[in-house]
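Just below is one structure, and these are the notes that go with it.
The values are calculated or read from the model by the stated rules, or taken from the named source; none is laboratory data. Just so it is clear, the structure is predicted and the values come from calculations on it, not from any experiment. A quick note on method: Cβ atoms are made from the backbone with ideal geometry, for glycine too, and the neighbour counts reach across all protein chains shown. Remember, those area values only see protein heavy atoms, side chains included, never the ligands or the DNA or RNA. Shrake-Rupley method; radii C 1.70, N 1.55, O 1.52, S 1.80 Å.
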Amino acid sequence: SNWYVPVDAVRLDNGRTSLGGGFGMAQEAKEGYDVYDSFQPPFITDGNVSLAFENAEGGMMQDVRPLAEGGVWEMRLMTGDEGTKVKLTFGDAGVLQDETHQVFLIDLDQKMAYDLRRTSKVEVNSGTGLRLFRVVVGSKSFVNANNAGVDLYPKTMVLSANYPNPFNPETMIRYTIPDLAERSHVTLTIYNLLGQAVAQLVDADQQTGYYEVNFNGRALGSGVYFYRIEVLSGERRFTDVKKMVLLK
């Protein structure tokens, strides 16, 4: 059956949006441009945001392909300026009639993957102002064959170095949770040099996957801070601490 998943993007600093985009498949659709598709409008770099899918005939705001057992869409997110926090919202992947088909968003730049059947909202940092993704829809074997070398589910618990570092006043903290048998409860806390907690970023049950959390140090003074993660899953406990520098 024909299906379509809408995708919207919104900048969290100024509220500007890129609405009305999406990807899908239809029996009458063509590989190139047709009545199901729409071209991406010209991108104005000043504080803007744009989301586009690479079609055989150029960047598309909406890209609908012929019905097939699987599909791959190269997706680019543009803000023009660096380090912009953007929320991506995907429509319900339940429109796919085949419940065995997987739907993944793969972050090609940061080597992360998001299961869009589990989550419909993803917050990312625009990096240099251009961040590249891949959307893959299909059977498990099809998705694994088109995952760009990225593990769809993390195999180990990792707390990554924050980016940027030093920072002023915002930075991104990334971590992974592997597929554990027990539910994982995650806390992510910021401490000062005296060991005092100054911010609680995460205190929740979370599923296996890749996570990015934004930290804003606007209310804090310049100096060295530490961020500590603790993951509890049944009898298993994982902790790690890393240092970051706030320069104002």
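Looking only at the range 159-181, how many residues end up being under 23 Å from R117 (Cβ atoms), open to solvent by less than 60 Å² (accessible area, probe 1.4 Å) and among the aliphatic types (A, V, I, L, M)?
Here the count works out to 2.
So which of D107, D98, D63, D92 ends up being among the acidic types (D, E) and within 18 Å of P41 (Cβ to Cβ)? Steps first, answer last, please.
On the way: D107 fails: within 18 Å of P41 (Cβ to Cβ); D98 fails: within 18 Å of P41 (Cβ to Cβ); D92 fails: within 18 Å of P41 (Cβ to Cβ).
The unique qualifying residue is D63.
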